[in-house]
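The structure under discussion appears below in the form of structure tokens.
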Amino acid sequence: MNASYNWLRALVPFHLSPQQLRDLLTAHCATVDELVPLRHDLRDVVVGLVVEAARHPNSDHLWVTKVDAGTGELLDVVCGAPNVRAGVKYPFAPAGATLPGGLTLTKRTIRGAVSNGMLCSARELALGEDHEGILELSTQAPPGTPLLEAMPLGDTRLVIDVTPNRPDLLSHLGLAREIAAANETGFGLPDIPGAGAAELPQPIWAQSEAQADGVRVALTDVAGCPRYMGVVIRGVSVGASPDWVVERLLAVGSRPINNVVDATNYLLHEIGQPMHAFDLGRLAGPEVRIRRAERGETITTLDGVVRSLDPSMTVIADAAHAQAVAGVMGGRESEVSEGTTDLFLEVACFAPGAVRRTRRRLGLSTDASFRFERGTDIHALPEALERAVQLIVAVAGGRVDDAPVDIGPRPPKRTVVPLRIARVAQVLGELIPTVEVSRRLGSVGFDTVAPDGDLLAVTVPGWRPDVTMEADLIEEVARLEGYDYFPNELRPYRPGTVPDSPDAVLSDRMRSALVTEGLLEARPMPFVRGGDAGYVRVSNPLAENEAYLRRDLLETLARRTEYNFARRQRDVRLFEIGAAFAPSAGAVPHEELRVAAVITGHRRPPHFTEPHPPDFDAWDAKGLAEMMATTADPLAVLQPGGGEILWDIVVRDVVRGGVRRLHLDAPVWAAPVFGVELTLSIVSAGVIAKAGRTAYRSGQADVVAPSAPMRYRPLPAMPPAEIDLALLVPNEVPAARVEQLIRRTGGALLDRVVVFDEYRGEGVPEGFRSLAWRLTFRHPERTLRDKEIAGRRQKLLRTLEGELGVRQRTS
């Protein structure tokens with residue numbers, strides 16, 4: 001959205017600079033991305049201070065001056081103006097500057113005196129017609145300050161990022177409403193120069209058909225156009241627009257065409273209501289029909305392109321064929337030209353979804369479609385039509401001989417939303433009086449009635465379709481009160497009692513664990529190149545080279561890793577928590593929440609004690625996977641995989657993820673890349689917050705997992721008892737199964753289990769390998785006796801040999 005600083009000042013009185021206005025709008029309603037000074041032709045002109053002024057020795061009308069232009073040295077400048085005086089500031093254009101009109105200054109010698117630039121008059125700067133003397137400046141800005149920063153010259157364009165839920169901000173009127181509310185002042189549409197005081201006759205309402213000064217208007221597509229208004233203006237004189245209209249259109253980046261078209265474009269930017277004027281003499285019938293397009297029908301739009309229409313599109317047609325694509329663009333055949341004398345002016349409300357579909361199918365986006373897609377105020381059409389007639393008659397002449405028509409069902413009543421003052425205080429953390437809440441909402445157009453002291457009935461204005469429930473009103477109160485008004489300390493309560501989503505709880509826990517391990521979170525888009533039947537294609541992709549939803553997260557992280565490699569970043573530690581998609585029998589693809597991580601490069605940063613640290617290997621990836629698996633479910637284990645999968649992550653006897661080496665488009669200096677991916681949706685499915693614990697159903701039995709709040713336990717005060725077990729393990733028995741059995745058999749006193757050695761060779765029987773574990777036992781209240789440790793050792797050895805065929809190594 002482009003807005004004009006001077007145009008806004010015409011709607012609401014304020015004394016803010018463009019920079020201050022930018023900050024106010026950004027803080028209260030929409031981000032201002034850029035301020036564009038429209039007098040860019042003055043960019044080279046600075047504030048100059050005349051330090052000395054003396055008569056030219058070889059001329060009776062020239063002066064030789066010394067000018068401080070902020071460069072650190074005084075510049076000699078020859079000036080012919082009679083009003084030049086020492087101690088006064090003037091606009092100064094140094095040598096090399098380009099003035100309005102294209103003149104580039106050079107260093108010159110004038111009658112024997114060197115001149116390093118020019119002290120400028122108002123006419124030379126295109127700021128007025130006075131050229132008898134140079135322009136004196138009344139500013140506190142120091143010498144050398146750019147003139148555009150020191151003085152409010154010309155206009156400034158505000159480039160505003162308006163979110164889709166705020167269509168009211170796509171107009172100067174909507175922005176003025178927000179400025180007035182923030183400054184607690186009034187606002188309103190300015191009078192139109194040259195406009196008469198006469199009002200339009202009362203519109204003729206009809207459900208589907210009516211006559212407007214001999215023109216039959218029929219509405220047959222109510223779904224695409226819920227309300228349509230039109231009026232005939234006769235005797236217009238099409239020509240150039242007045243300067244004030246042209247200046248404002250240029251200020252917002254719109255190209256002037258003629259006074260009638262400029263008037264409709266002017267109102268689009270002023271009040272946010274698109275409208276269109278037809279040359280009545282070119283409409284067959286004369287008739288205006290709002291209908292669906294016919295199959296195979298075509299239209300030549302105003303841009304000169306022949307476009308094919310289909311029955312899903314709403315068009316404005318005469319008795320013969322389509323003359324405009326509803327809500328998008330008019331047709332060339334009925335456009336207003338210099339020969340136009342009679343107009344049919346359309347002001348309508350088109351369905352946002354219908355305009356969006358039409359715009360996408362035609363590949364045609366306009367200022368009108370941009371606003372209709374986000375929603376226009378169906379209740380404001382009569383006022384918009386009246387102002388449009390006033391403006392057209394003021395700039396192009398003409399008259400209205402008959403009443404306008406208003407076709408369509410009666411507009412729906414405005415939404416009324418109840419607002420509890422106690423709820424406002426509960427959500428925002430501050431008690432705001434009822435009178436203050438009512439005043440704040442009223443400042444932006446909400447009507448409030450108080451049935452009792454704690455309840456407000458709030459009528460939502462038609463230009464705010466995004467406000468539909470109490471929470472929206474509370475957000476409005478917070479926004480209008482100012483977010484800085486509310487305290488930033490943590491309070492000992494929360495606004496609701498609904499437990500957090502299990503997926504959110506598990507995601508937060510996983511995120512904290514991975515960040516603790518030194519990984520960085522990536523949040524890429526879930527779109528990939530795809531291509532085969534295993535992918536889900538997006539119906540409206542952002543780009544054709546990424547038109548599919550990803551099947552797994554590692555596919556996306558692999559591209560992020562290659563991106564780092566392309567920028568000579570060798571050490572990559574990334575993770576993502578996001579969705580993966582798969583085709584399903586229904587219309588919606590199957591979606592799973594997953595976590596994935598990629599590691600490559602140095603295991604730790606280089607240090608002077610270790611200039612070349614080792615790289616990550618498969619065992620580092622396995623360790624990371626074990627941490628991720630046990631964070632998701634304490635009973636998860638890793639088992640050897642097959643093919644490209646190094647290890648499978650098994651959660652309660654079901655494979656939920658894996659560890660694998662990734663084969664990327666990598667440079668020769670890159671280290672091996674390892675990836676871990678784990679499905680979280682299944683793990684967290686069915687979480688029920690109950691009695692301070694979390695129970696979930698994973699397809700097996702109901703089990704209990706740690707609840708979301710972090711729990712602490714005291715540091716151990718008793719000494720540990722450590723034993724080492726060197727075991728002969730059959731090659732077909734995974735070490736994970738041995739460790740799982742050790743943990744299960746060791747009992748509550750087993751505090752820690754660590755594998756620290758593997759040996760194959762002399763002394764180890766064929767078909768076996770030697771694995772050594774260090775077991776740490778600890779009692780929370782006393783020192784363990786040797787006899788207790790020995791008994792547990794013997795029990796472990798008997799169980800291992802009985803269940804897995806694992807025995808103690810004796811040599």
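For the reader, a short list of remarks on this structure follows.
- For the chain, the relative contact order works out to 8 percent when only alpha carbon pairs closer than 8 Å and six or more residues apart are counted.
- Contour minus Cα-Cα distance for residue 401 and residue 619 (0.36 nm per residue): 69.7 nm
- A full extension of the chain between residue 468 and residue 668 corresponds to an added length of 66.2 nm, given 0.36 nm per residue minus the alpha carbon distance.
- Carbon and sulfur %, accessible surface of region 1-139 computed with the full protein complex present, 1.4 Å: 49
- With the simple model of a label 7 Å out from the Cα in the direction of the Cβ, residue 793 to residue 383 spans 9.0 nm.
- Couplings 3J(HN,Hα) of region 738-749, computed from phi: 5, 5, 4, 5, 4, 5, 5, 8, x, x, 5, 7 Hz, in residue order, whole Hz [Karplus 6.51 cos²θ - 1.76 cosθ + 1.60, θ = phi - 60°; x for Gly and Pro].
- Dipole magnitude of the chain about its Cα centre (Cβ charges: Lys, Arg +1; Asp, Glu -1), debye to nearest 20: 3060
- In this simple spin-label approximation, residue 426 and residue 413 carry label points 7 Å from Cα along the Cα→Cβ vector, and these lie 2.7 nm apart.
- For region 58-152, the Cβ-based charge dipole about the Cα centre amounts to some 240 debye (Lys, Arg positive; Asp, Glu negative; other atoms uncharged).
- Annotation: extensible slack from residue 757 through residue 602 equals 53.4 nm (criterion: 0.36 nm per residue apart, minus Cα-Cα distance).
- For region 335-479, the carbon plus sulfur part of the accessible surface works out to 51%, probe radius 1.4 Å.
- Of the solvent-accessible surface of region 243-294, computed with a 1.4 Å probe over protein heavy atoms with every protein chain present, carbon and sulfur atoms account for 44 percent.
- Close amide-amide hydrogen proximity is noted between residue 110 and 115, each under 5 Å apart and 5 or more residues distant or on a separate chain (H modeled in the peptide plane; Pro and chain starts excluded).
- Low-density loop positions, GluC sites (Glu not before Pro), region 477-544 - DSSP coil, at most 10 other Cβ in 10 Å: 489
- Candidate residues 294, 178, 287: accessible-area rank, largest first, probe 1.4 Å: 294, 287, 178
- The simple spin-label model puts a point 7 Å past each Cα toward its Cβ; for residue 804 and residue 612 those points are separated by 3.8 nm.
- The relative contact order of region 168-294 comes to 31 percent, based on Cα pairs under 8 Å that sit 6 or more residues apart.
- Of [x] 73, 36, 24; [y] 69, 41, 28; [z] 46, 32, 24, the label for semi-axes √(5λ) of the Cα gyration tensor in Å derived from the coordinates: [y]
- Calculated FRET value between residue 744 and residue 786, using beta carbons and R₀ = 22 Å, to 0.05: 0.40
- Sequence-separation-based contact order of region 321-455, relative, with Cα cut under 8 Å and 6+ spacing, percent: 16
- Residue-wise HN-Hα coupling along region 109-115, computed from phi with Karplus coefficients 6.51, -1.76, 1.60 (Hz; x: Gly, Pro): 10, 10, 6, x, 10, 7, 10
- Sites residue 587 and residue 109, calculated FRET efficiency, Cβ-Cβ separation with R0 60 Å, nearest 0.05: 0.15
- Each helix, a run of at least 4 DSSP H residues, gives -39500 (n - 2.57); summed and divided by the residues of the chain, these come to -7500 deg cm²/dmol at 222 nm.
- Tilt relative to the chain, helix 470-481 - C-alpha long axis, 0 to 90 degrees, to 10: 60
- Residues listed by number, region 538-578, amide nitrogen under 13 Å from residue 523 label point at 7 Å toward C-beta: 576-578
- Computed accessible area, residue 171, all protein chains, 1.4 angstrom probe, square angstrom: 10
- With a Förster radius of 25 Å applied to the C-beta separation of residue 195 and residue 338, the computed FRET efficiency comes to 0.65.
- Taken over the alpha carbons of region 220-351 as equal point scatterers, the Debye sum produces base-10 log I(q)/I(0) values at 0.17, 0.19 Å⁻¹ of -0.92, -1.12.
- Among 340, 330, 395 the positive-end extreme of the charge dipole of region 315-445 (Cβ point charges): 330
- Cβ-based charge dipole, the chain, positive-most Cα from 646, 75, 597: 646
- Of the residues 753, 50, 298, the one whose Cα sits farthest toward the positive end of the charge dipole of the chain, with +1 on the Cβ of Lys and Arg and -1 on the Cβ of Asp and Glu, is 753.
- Taking 107, 413, 66, 795 and ordering them by how much accessible surface each has at a 1.4 Å probe, largest first, produces 413, 107, 795, 66.
- With protein chains left intact and a 1.4 Å probe, residues in the chain average 50 Å² of accessible area per residue.
The values are calculated or read from the model by the stated rules, or taken from the named source; none is laboratory data. Remember, it's a predicted structure, so these values are computed and weren't measured experimentally. Heads up, the Cβs are rebuilt from the backbone with ideal geometry, glycines too, and the neighbour counts pull from every protein chain shown. Each accessible area value is taken on the protein alone, full model and side chains, heavy atoms only, with ligands, DNA and RNA left out. Shrake-Rupley method; radii C 1.70, N 1.55, O 1.52, S 1.80 Å.
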